[in-house]
Amino acid sequence: MREYTVIANWKMNGDLSLIDEFSSENWEESTVKTVFSLPYLYLLYAKQKGIKNIGAQNVSSQAEGAYTGEISAKMLKEVGCKYCIIGHSERRSGFLESDDILIKKVNQLKNEGILPIYCVGESFDDYVKHNSEDTLEKQITPLLINNLLDDQFIIAYEPVWAIGTGKSATPEYAQKTHNFIRNLIADKSNILAKKVKILYGGSVNANNAKVLINNEDVDGFLVGGASLSLDSFKKIIKEIE
Ligand code: PGA
């Protein structure tokens with residue numbers, strides 16, 4: 001049976017009591033793999049509360065040293081972090097993270113055995129000008145030329161215009177774009193193309209989860225807003241099970 005993955009991206013939201021609430025669930029019982037990408041400060045607490053699959057939302061591009069305010073991949077590993085979001089559009093645009101920086105970050109994670117969740121996605125301008133595929137190819141090519149994909153790699157396709165807007169991509173558009181991404185990978189390796197998980201993100205909720213997941217190339221979701229309430233997050237999982 002196909003294994004779906006749903007990743008909660010809390011961004012800079014939530015608090016200790018929300019972690020208490022989420023940790024009262026037994027997430028391992030579901031056929032859907034759930035991952036919780038939390039603010040750095042909460043990772044250790046979530047782990048101690050029994051949440052197994054925890055992820056960060058960023059990591060330093062450096063291994064250690066005089067980088068005030070940064071967190072290394074080794075530190076994430078030490079607190080039991082298994083996943084890390086890289087290149088979310090909010091970091092690409094708000095924190096000017098270039099492809100070069102993102103590739104360094106992926107390398108740091110891979111050195112520590114942490115699984116990257118690599119975000120790609122076109123802007124609204126690209127979308128209306130039909131430049132989405134060009135943009136996606138530019139974003140994915142550095143992963144391919146640096147041989148960074150492996151059979152556990154996760155790509156999250158998040159059209160920027162769908163993030164936090166309540167306007168998710170249509171199932172047809174999501175499938176077409178996921179298939180485009182898979183074919184880019186297949187040009188390099190057919191085996192990897194079948195194994196790499198391609199998640200959709202952008203205004204996923206309990207109402208659209210089913211129609212989006214019923215597409216061959218959609219392997220799960222990266223969920224922002226709807227992951228901040230236990231009830232709405234559980235409803236998304238139920239739609240997929
Ligand atoms: P959203 O965010 O579900 O609130 O649109 C998704 C994301 O940014 O990862």
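For the stretch 1-23, name all the residues that are part of a strand (DSSP E or B) and among the β-branched types (Val, Ile, Thr). Reasoning before the result, please.
Kept after step one, since they are part of a strand (DSSP E or B), are these residues of the stretch 1-23: 5-9.
Matches in the stretch 1-23: 5, 6, 7.
How do the pairs read when you match residues in the stretch 148-159 that are modelled with pLDDT of 95 or more with residues anywhere that are β-branched (Val, Ile, Thr) and part of a loop (DSSP other than H, G, I, E, B), using Cβ under 7 Å and keeping only pairs 6 or more apart or on different chains?
149/196; 153/196; 155/196
Could you list, in sequence order, all residues of the stretch 192-241 that are surrounded by fewer than 16 Cβ atoms within 10 Å (Cβ to Cβ) and assigned to a loop (DSSP other than H, G, I, E, B)?
Of everything in the stretch 192-241, those that are surrounded by fewer than 16 Cβ atoms within 10 Å (Cβ to Cβ) and assigned to a loop (DSSP other than H, G, I, E, B) turn out to be 207, 214, 216, 229, 241.
How many residues are within 25 Å of residue 164 (Cα to Cα) and away from the ligand (no atom under 16 Å from the Cβ) if we restrict to the stretch 1-19?
5
Go through the stretch 101-128 residue by residue and tally those that are over 17 Å from the mean Cα position of the chain (by Cα) and free of Cβ contacts under 8 Å to residues at least 40 places away in the same chain.
Number satisfying all stated conditions: 7.
How about the stretch 66-101: which of its residues are of a type outside the set (Lys, Arg) and either under 13 Å from residue 154 (Cα atoms) or within 16 Å of the ligand (Cβ to nearest atom) (or both)? If you could, list the steps in order and put the result at the bottom.
Taking the stretch 66-101 as the starting set, the residues that turn out to be of a type outside the set (Lys, Arg) are 66-73, 75-76, 78-81, 83-90, 93-101.
Selection gives 83, 84, 85, 86, 87, 88, 89, 90, 93, 94, 95, 97.
Would you confirm, using the coordinates I've provided, whether residue 149 is under 19 Å from residue 105 (Cα atoms), away from the ligand (no atom under 13 Å from the Cβ) and more than 16 Å from the chain's Cα centre (by Cα)?
In short, no.
Regarding the stretch 110-123, can at least one residue be identified that is in a helix (DSSP H, G or I) and touching a strand residue (DSSP E or B) at 6+ places or on another chain (Cβ under 9 Å)?
So far as the stretch 110-123 goes, yes, one or more of its residues are in a helix (DSSP H, G or I) and touching a strand residue (DSSP E or B) at 6+ places or on another chain (Cβ under 9 Å).
For the condition away from the ligand (no atom under 16 Å from the Cβ) and either in contact with a Leu (Cβ under 6 Å, 6 or more places away or on another chain) or within 28 Å of residue 38 (Cα to Cα) (or both), what is the one hit in 217, 231?
Of the residues listed, the single one that is away from the ligand (no atom under 16 Å from the Cβ) and either in contact with a Leu (Cβ under 6 Å, 6 or more places away or on another chain) or within 28 Å of residue 38 (Cα to Cα) (or both) is 217.
Is there any pair with a first residue in the stretch 84-98 that is under 12 Å from residue 139 (Cα atoms) and touching a residue at least 40 places away in the same chain (Cβ under 8 Å) and a second that is within 12 Å of the ligand (Cβ to nearest atom) and not in a strand (DSSP E or B) whose Cβ atoms are under 8 Å apart and which are 6 or more apart or on different chains, and what are they?
Filtered contacts from the stretch 84-98: 88/57; 88/158; 89/121; 89/158; 89/160; 89/163.
Look at residue 170 and say whether it is surrounded by fewer than 23 Cβ atoms within 10 Å (Cβ to Cβ) and under 26 Å from residue 211 (Cβ atoms).
Criteria met by residue 170.
Would you check which residues across the stretch 198-214 are near the ligand (Cβ under 6 Å from one of its atoms) and touching a residue at least 40 places away in the same chain (Cβ under 8 Å) and list them?
Result: 201, 202, 203.
The values are calculated or read from the model by the stated rules, or taken from the named source; none is laboratory data. All of these numbers come straight from a predicted model, not from anything done at the bench. With ideal geometry, Cβ positions are generated from the backbone for all residues, glycine too; neighbour counts draw on all protein chains shown.
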